[in-house]
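Below: one structure, written as structure tokens.
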Amino acid sequence: MGLIRARFAGRLGRFALDAAFEAPAAGVTGLFGPSGCGKTTVLRAIAGLNRLAGECRVGDETWQEVGRFVPAHRRAVGYVFQEPSLFAHLSVEGNLLFGAPKRWRGPSFEEIVDLLGLARLLGRGVEGLSGGERQRVAIGRALLSEPRLLLMDEPLSALDQQARAEILPFLERLARATALPMLYVTHDMREIERLADHLVLMQAGRVVASGPLADMQSDPDLPLAAAREAAVTLSARVAAADAGDGLMALAVGGARLLAPRVLAREGDALRLRIAAGDVSLALSRPADSTIVNSLPASIRSARVLNDSDMLAVLALDEAPGEARILARVTRRSWRELGLSEGRAVHAQVKGVSLQG
Amino acid sequence: MQGLSPDVWIAVRLTLELALLTTALLLLLGTPLAWWLARSRVRWKEGVAAVVAMPLVLPPTVLGFYLLIALGPDGPGGAIAGLWGARTLAFSFAGLVIGSIVYSLPFVVQPIRNAFEAMGERPLEVAATLRASPAQAFWRVALPLARPGLITGAVLGFAHTVGEFGVVLMIGGAVPGKTKVLSVAIYDYVETSRWREAGLLSAGMVVFSFVVILATILLGRRAARAGS
């Protein structure tokens with residue numbers, strides 16, 4: 001498995017852009033940060049659409065270094081723009097095949113058309129398509145150019161709520177069905193939580209931090225953990241598809257969690273999201289609580305969030321080495337229970353949401 | 001059209017030949033020029049654009065005067081004509097084609113440039129990320145997307161060449177079958193009191209102009225719809 005290595009410097013409106021990161025050339029890497037922080041500029045520079053000083057390497061290919069700039073059309077990228085930007089003079093099929101090698105409808109054509117649900121649109125012009133359909137065609141068009149790296153620039157942000165809900169599952173399927181590495185730019189943490197394995201955090205033209213998603217989410221020094229909707233995304237396996245009472249059992253390392261059943265088989269991989277606000281702490285396993293998930297854990301670190309709240313980072317005893325989870329508790333209970341770093345506790349997880 | 005003298009048909013035919021040839025050459029020359037004007041970032045390109053647009057405001061006689069000098073025995077046109085033993089390009093069909101190209105250039109370049117500018121950078125960026133070289137992007141994306149502009153430019157260039165009078169009179173005179181085009185013929189018929197021919201040709205030009213203008217309006221509306 002290779003690496004994506006990028007380092008760019010230049011001007012970006014009012015501030016200087018000086019961004020450098022490394023990410024695995026596998027899975028989905030989210031490029032996350034507030035609007036105007038330079039995410040799109042970095043993505044365009046990786047595609048060769050913007051020319052900034054710097055370096056760019058993907059796997060064993062060098063796309064840019066001092067004295068060398070491979071033009072955009074010689075870089076094996078697929079690029080999905082914020083707006084679908086379909087070619088108005090071509091049909092859906094013409095758009096899809098535009099970048100396909102020799103415009104040949106190979107076996108991958110059928111696969112990608114199926115994956116994106118485009119079969120019944122092929123002969124149509126692009127005019128009458130809905131926003132969601134257009135973006136699906138744009139994604140298919142990028143995939144069919146046989147890229148080594150898929151770049152997505154806020155592909156959902158120009159769409160309405162309904163179209164977003166329609167496309168997100170396609171992207172999840174895509175991320176799991178192909179070995180294609182993706183760089184995914186967004187300012188929406190929910191998209192990151194559903195798609196990304198790795199995260200590059202940007203702010204005002206700089207890369208603040210980068211690393212595996214769960215590590216970044218549970219790092220108390222990063223703004224993610226302090227956010228109102230702070231959460232940790234964990235990968236789990238289905239331990240029992242039917243645990244009775246409409247629940248299923250999930251395994252994160254050796255820790256077991258119960259969650260409402262979804263259609264899945266034993267052994268399937270699922271992503272689950274545990275919000276900091278849904279985790280409370282107890283000193284002993286509560287015998288009389290409505291909460292079904294109570295996990296022994298130890299407090300790794302803690303910090304004051306605001307006047308009333310504390311944030312604790314917990315390591316699960318039954319899943320050593322697995323990701324940490326976050327708990328937001330009141331400062332009053334923290335003091336009254338005498339909690340401190342290193343204390344053994346029981347993490348009571350009120351809500352576990354499955355991310356598909 | 002019984003009873004019309006053969007010289008009417010000679011003039012019609014000559015006019016169509018001139019206009020078709022001029023339009024074809026204008027598309028060939030005007031498209032790359034429009035592309036450059038739309039995409040280049042050099043500062044002096046608007047100077048070039050102004051030169052291209054000059055025939056819009058220059059009196060045809062002034063344009064004709066300079067063309068006459070350029071095409072004449074002492075100008076570059078004369079030197080070119082010397083290659084095949086002629087003295088001058090003035091008062092010849094070739095000279096008329098050159099004059100028409102200069103005269104109608106802005107009518108062809110402007111709509112094509114507008115079409116290239118209206119499509120913006122994005123389709124070309126998309127093409128580049130789909131492995132199309134700049135040349136392929138031009139042929140496969142920019143030209144097809146600029147089609148309404150190309151058609152409008154061709155129609156306007158053709159119509160404007162058909163209607164040209166002042167420049168023709170200056171550099172072409174009225175040599176039947178060589179430089180005596182419709183507009184000059186109408187003038188001649190009026191001079192010699194052949195009102196019937198003058199009237200018929202004029203009426204024909206009115207119908208022709210109406211069809212051309214209507215066609216450009218309809219094309220423009222179609223392009224606007226396709227672009228939305």
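The values are calculated or read from the model by the stated rules, or taken from the named source; none is laboratory data. Note that the coordinates shown come from a computational prediction; the quantities given were computed from them, not determined experimentally. Every residue, glycine among them, receives a Cβ derived from its backbone with ideal geometry; neighbour counts consider all protein chains shown.
Checked against (1) touching a Gly at 6+ places or on another chain (Cβ under 7 Å); (2) away from every other protein chain (no Cβ under 13 Å), A:Val70 passes all but a single condition, namely (2).
Considering only residues in the range A:29-67 that are within 14 Å of chain B (Cβ to nearest Cβ), within 27 Å of A:Leu156 (Cα to Cα) and of a type outside the set (Val, Ile, Thr), the one that is surrounded by the fewest Cβ atoms within 10 Å (Cβ to Cβ) turns out to be A:Arg51. Filtered by the rule that a residue be at the interface with chain B (Cβ under 8 Å from one of its Cβ atoms) and crowded, with 19+ Cβ neighbours inside 10 Å, the range A:76-89 gives A:Val77, A:Gly78, A:Tyr79, A:Phe81, A:Ser85, A:Phe87. Considering only the range B:67-186, give the helices (runs of 4 or more DSSP H) lying wholly within it that have at least 2 residues that are away from every other protein chain (no Cβ under 14 Å), modelled with pLDDT of 90 or more and within 23 Å of B:Gly47 (Cα to Cα). In the range B:67-186, B:93-119, B:147-162 are the helices (runs of 4 or more DSSP H) which contain 2 or more residues that are away from every other protein chain (no Cβ under 14 Å), modelled with pLDDT of 90 or more and within 23 Å of B:Gly47 (Cα to Cα). For B:Tyr187, the conditions (1) within 25 Å of the chain's Cα centre (by Cα); (2) under 30 Å from A:Ser91 (Cα atoms) are fulfilled apart from (2). Looking only at the range B:78-96, count how many residues are under 22 Å from B:Ser183 (Cβ atoms) and either touching a Ser or Thr at 6+ places or on another chain (Cβ under 9 Å) or among the acidic types (Asp, Glu) (or both). Number satisfying all stated conditions: 5. All of (1) within 14 Å of chain B (Cβ to nearest Cβ); (2) part of a helix (DSSP H, G or I); (3) free of Cβ contacts under 8 Å to residues at least 24 places away in the same chain hold for A:Ala142 with one exception: (3).
Table: residues versus (1) in contact (Cβ under 8 Å) with a residue 60 or more places away in the chain; (2) in contact with a Lys or Arg (Cβ under 6 Å, 6 or more places away or on another chain); (3) within 14 Å of chain B (Cβ to nearest Cβ); (4) crowded, with 17+ Cβ neighbours inside 10 Å.
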site	(1), (2), (3), (4)
A:Arg124	no, no, no, no
A:Gly128	no, no, yes, no
A:Glu133	no, no, no, yes
A:Glu146	yes, no, yes, no
A:Ala163	no, no, no, yes
A:Arg173	no, no, no, no
A:Ala179	yes, no, no, no
A:Glu191	yes, no, no, yes
A:Asp197	yes, no, no, yes
